[in-house]
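Scroll down for the structure; my scribbles are underneath it.
The values are calculated or read from the model by the stated rules, or taken from the named source; none is laboratory data. Predicted model, so just to flag it, every value in this text is computed and none were measured. Quick reminder, even Gly has a Cβ in these numbers, built from the backbone with ideal geometry, and neighbours come from all protein chains shown. Heavy atoms of the whole protein, side chains included, go into the accessibility calculation; ligands, DNA and RNA do not. Shrake-Rupley method; radii C 1.70, N 1.55, O 1.52, S 1.80 Å.
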Amino acid sequence: RDAAKWGGKTVAVKVQRPDVSESVSLDMYLLRRTAMWLSKFRGGDLVSIADQFGMQLFGELDYLREADNCERFREMYGDWEDVVVPEACLGLTRRRVLVMEWVE
């Protein structure tokens with residue numbers, strides 16, 4: 001059904017690399033360890049900042065969430081004259097594959 005709706009339309013497909021979650025996990029582990037070490041010398045709650053960054057970063061890896069956010073943004077600003085927001089194809093989008101209308 002969704003494929004027929006999008007049939008004939010050019011779409012953009014964003015596919016997540018298979019190892020991206022493991023790579024980001026290692027990066028966040030190292031960032032958090034560094035924040036713990038720096039907090040001993042600089043003070044402040046650098047670990048909380050690193051944790052907040054990590055939560056945002058992992059949220060960006062969920063393409064269903066990204067498509068939903070895109071649709072909400074399109075509903076709010078899509079009727080502005082100088083703003084073009086592509087439509088997400090929610091029926092074809094998955095956690096690691098994002099399908100959206102192509103915009104030149």
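Some observations on this one:
- Residue-normalised accessible area of the chain, given per residue in Å² at a 1.4 Å probe: 76
- Folded to 0 to 90 degrees: helix 63-77 orientation relative to the chain principal axis, Cα: 70
- Kirkwood's formula applied to the C-alpha pairs of the chain gives a hydrodynamic radius of 16.2 angstrom.
- With contacts taken as Cα pairs under 8 Å and at least 6 residues apart, the chain reaches a relative contact order of 36 percent.
- Stretched out straight at 0.36 nm per residue, the stretch from Arg42 to Glu71 would grow longer than its current Cα-Cα span by 6.3 nm.
- The 3J(HN,Hα) values that the Karplus relation (6.51, -1.76, 1.60; θ = phi - 60°) gives for segment 30-35 are, in residue order, 5, 5, 5, 4, 5, 4 Hz. Gly and Pro appear as x.
- For segment 41-100, the relative contact order comes to 32 percent (Cα pairs under 8 Å, sequence separation of at least 6).
- Amide hydrogen proximity for Glu87: with H placed 1.01 Å from N in the peptide plane, the residues at 5 or more positions away or on another chain lying under 5 Å are Glu101.
- Relative packing of peptides 9-19, 45-55, 85-95 - highest average C-beta neighbours within 10 Å first: 85-95, 45-55, 9-19
- The label point for Arg95 and the one for Val13, both projected 7 Å from the Cα toward the Cβ, are 2.0 nm apart.
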